[in-house]
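The values are calculated or read from the model by the stated rules, or taken from the named source; none is laboratory data. A quick note: this is a predicted structure, and the numbers were derived from the prediction, not measured. Counting neighbours? That spans all protein chains shown, and the Cβs are built from the backbone with ideal geometry, glycine included.
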Amino acid sequence: MSNQLPLIFDGHNDVLSCMYRAGESGDISPFITGRDGAVDAPKGKIGGFGGGFFAIYIPSEHTGESYSDSMDSTPYDVPLPEALETPAATTVALGQAAILIRLQEQGALEICTTAKQIASCMERGKLAAIMHIEGAEAIDPDLHSLDVLYHAGLRSLGPVWSRPTLFGHGVPFRFPSNGDTGPGLTDLGKKLVKRCNQLNIMLDLSHLNEAGFWDIAKLSDAPLVATHSNVHQLCNSSRNLSDKQLAAIADSDGMVGVNYAVAFLRSDGKKITDTPLNVLFQHVDYLIDKLGEDRVGFGSDYDGADVPADITTIADLPNLRDAMRAHGYDESLIKKLCHQNWLRVLEKTWGA
């Protein structure tokens, strides 16, 4: 079997927000011809990238040192930005959604709304994209924009990206820390969960604090999924999941996508890209032990995080497959980790 295969379907990337901030809303050609970043079409062909969750993320206005820069040394406790105003956030979210739609119009990818469609794309060599919102600042209190975005292709949503929203509270970027950092979902957040369940929009637990996690676990009738999170027992970051949370995910027949961000992988919490892939596999092994081999995949955080040097971009994904084989994973497990587990939980969540 070629080291290009099986194709990898990934739980999280931030290429849309990167393109938006780079002024590529009108000119999407860098994605098609090759851009200075982790994710684009040519790199996908090289690396055997089948597609994944394309996040719509609204950055806070620049106020000085970024949260990422503040994580360069440990311990750290990065102050969260203030909540965003919905109208401004909606403008940015629509701009990023438009980039994804234009990429589809130009044949660079296909926005998928069923697991069967994703499988078909991978069989045809077409990049499969899930429209995902990371932080629901763009959703109005009446949820009208949720319905509109749903009809544009939205099928996955995280109520928060760490900073507070109308719907709930996220974890700060803090090391060492656990996720018990404040209140959970608001009444509007509970309304959002119920509407997402009605529409079969997947709810992403990544970035939620522990109280919000348990609110969704209680309210939602769908599998519990964290698209890009790691194991707190191995790395004491507030962003990572406790054994109790992992047990709830397993009980719901949900899933975790392992985040490549070295700050959430390393036991010392440091942003050192010279981190061996065995550190990543420690999280994979732990998750398999707690969740079973059908409930673990990858959620890279490409274009949004510092990742191990051996897998800097999606062109480097053959290195990940080779490392899985060297680690002792057989071909059946590698296929599950690469994409089959994502297709399973999406089919269960979406109903198709």
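Brief remarks follow.
- Residue within the range 199-206 that is part of a loop (DSSP other than H, G, I, E, B), of a type in the set (S, T, N, Q), buried (at least 17 other Cβ atoms within 10 Å of the Cβ) and without any contact (Cβ under 8 Å) to a residue 40 or more places away in the chain present: no
- Enumeration of residues in the range 111-128 that are acidic (Asp, Glu) and surrounded by 18 or more Cβ atoms within 10 Å (Cβ to Cβ): none
- Of everything listed in (1) surrounded by fewer than 19 Cβ atoms within 10 Å (Cβ to Cβ); (2) part of a loop (DSSP other than H, G, I, E, B); (3) touching a helix residue (DSSP H, G or I) at 6+ places or on another chain (Cβ under 8 Å); (4) not hydroxyl-bearing (Ser, Thr, Tyr), the single unmet condition for residue 185 is (1).
- Count of the range 327-352 residues which are among the hydroxyl-bearing types (Ser, Thr, Tyr), in contact (Cβ under 8 Å) with a residue 60 or more places away in the chain and assigned to a loop (DSSP other than H, G, I, E, B): 0
- Only one of the listed residues (152, 129, 119, 136) is at pLDDT 95 or above and over 20 Å from residue 57 (Cβ atoms). That residue is 119.
- Residue match in the range 137-158 (condition: part of a loop (DSSP other than H, G, I, E, B), within 22 Å of residue 263 (Cα to Cα) and touching a Lys or Arg at 6+ places or on another chain (Cβ under 8 Å)): no
- Residue within the range 77-92 that is at pLDDT 95 or above, surrounded by 15 or more Cβ atoms within 10 Å (Cβ to Cβ) and either in contact with a Ser or Thr (Cβ under 8 Å, 6 or more places away or on another chain) or more than 30 Å from residue 212 (Cα to Cα) (or both) present: yes
- The listed residues are 158, 179, and the only one of them that is farther than 25 Å from residue 267 by Cβ and among the small types (Gly, Ala, Ser) turns out to be 158.
- Filter result for residue 222 (outside any helix (DSSP H, G or I), crowded, with 17+ Cβ neighbours inside 10 Å and touching a strand residue (DSSP E or B) at 6+ places or on another chain (Cβ under 8 Å)): yes
- Yes/no for residue 269 being assigned to a helix (DSSP H, G or I), buried (at least 18 other Cβ atoms within 10 Å of the Cβ) and not hydrophobic (A, V, I, L, M, F, W, C): no
- Residues being surrounded by fewer than 22 Cβ atoms within 10 Å (Cβ to Cβ) and either of a type in the set (Val, Ile, Thr) or without any contact (Cβ under 8 Å) to a residue 60 or more places away in the chain (or both) - total across the range 227-257: 9
- First in the range 93-121 and farther than 23 Å from residue 138 by Cβ, second anywhere and acidic (Asp, Glu), Cβ under 8 Å, 6 or more apart: 114/347; 115/347; 116/347; 117/110; 121/110
- Selected residue [part of a loop (DSSP other than H, G, I, E, B) and among the small types (Gly, Ala, Ser)] from 38, 89: 38
To keep it simple, each residue is scored yes or no on (1) modelled with pLDDT of 95 or more; (2) of a type in the set (Lys, Arg); (3) within 22 Å of residue 73 (Cα to Cα); (4) not in a loop (DSSP other than H, G, I, E, B).
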residue: 282; (1), (2), (3), (4): yes, no, no, yes
residue: 285; (1), (2), (3), (4): yes, no, no, yes
residue: 288; (1), (2), (3), (4): yes, no, no, yes
residue: 306; (1), (2), (3), (4): yes, no, yes, no
residue: 318; (1), (2), (3), (4): yes, no, no, yes
residue: 322; (1), (2), (3), (4): yes, no, no, yes
residue: 325; (1), (2), (3), (4): yes, yes, no, yes
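- Residue match in the range 279-286 (condition: under 18 Å from the mean Cα position of the chain (by Cα), over 15 Å from residue 307 (Cβ atoms) and buried (at least 18 other Cβ atoms within 10 Å of the Cβ)): no
- Only one entry in 213, 264 is buried (at least 24 other Cβ atoms within 10 Å of the Cβ), of a type in the set (Phe, Trp, Tyr) and more than 14 Å from the chain's Cα centre (by Cα), namely 213.
- Residue check for residue 158: among the small types (Gly, Ala, Ser) and touching a helix residue (DSSP H, G or I) at 6+ places or on another chain (Cβ under 8 Å): no
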